[in-house]
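Comments concern the structure below.
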Amino acid sequence: MNQDDLTCLKYIGIARMKLLNDSGITTIKQLHEIPLEKLAEAKLIGEYYAKLIKNSVAEYYRDKNEKVPVKTRSTKVRRTDKINRDLHKNIKKLNKRLYWVNENLKPLWEKKYLKLYIDFKKRYTKLKVRLSVLDNILDDLPKKDNKHISKKAETLILNLKKVGKKPKKKKYKQTIKEIQSFSRLLRDIIS
């Protein structure tokens, strides 16, 4: 079987092969290299069949014992990708931890903590907005800033884990100060 015959793959018949050919995909190698999202966007393929087709391509290469074409990347690019992934994970963890701290520090009808909770909520909201902006521009940030933000995020996550269930003024003040510091760092880097 030659590389141009896409019908040798599961889930690809003559009709889908014509659709793929119209989209510019004529070989199994091209089908392997195309990202899943782009394949799903092809006319009448959709996300479900795109996943099935990609799995079929992987199975094809396993069965043929052919070497799967690999794009070589420099170590610098790989390190940058790893740092971006780590930072993305830390942002996710931080969002979860912030949610739980928000739940734990709710004053539950105690007036003496209400003012502190309102201040905490303002800082929390600003930080959430800055984290979402950071998540959108993550690929454009320099490596040095990514590392710095990642380290600070890990520190903040660890400190937020220490916040217990009972609200206390000391916990509010310390948490507000840490969130404000991290938020300021993000503001300086983003702007």
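The values are calculated or read from the model by the stated rules, or taken from the named source; none is laboratory data. Owing to the predicted nature of the structure, the values given are computational and were not obtained by experimental measurement. Every residue, glycine among them, receives a Cβ derived from its backbone with ideal geometry; neighbour counts consider all protein chains shown. Side chains included, ligands, DNA and RNA excluded: accessible areas come from the protein's heavy atoms. Shrake-Rupley method; radii C 1.70, N 1.55, O 1.52, S 1.80 Å.
For the range 128-136, the Karplus equation 6.51 cos²θ - 1.76 cosθ + 1.60, evaluated at θ = phi - 60°, returns couplings of 4, 5, 5, 5, 5, 5, 4, 4, 6 Hz by residue, with Gly and Pro reported as x. Computed over protein heavy atoms with a 1.4 Å probe, the carbon and sulfur contribution to the accessible area of the range 96-191 reaches 54%. Neighbours of residue 45 by Cβ distance under 13 Å: Lys/Arg scored +1, Asp/Glu scored -1, total +2.
With all protein chains kept in place, the per residue accessible area of the range 10-50 amounts to 65 square angstrom at a probe of 1.4 angstrom. A simple spin-label model places the labels of residue 62 and residue 106 4.7 nm from each other, with each point 7 Å out along Cα-to-Cβ.
For the range 18-66, the share of accessible area belonging to carbon and sulfur comes to 48 percent (1.4 Å probe, ligands and nucleic acids excluded).
So with the 1.4 Å probe, I'd like the accessible area per residue for the range 146-191, rounded to whole Å².
Values: 2930 Å² over 46 residues.
With the other protein chains kept in place, the range 146-191 gives 64 Å² per residue.
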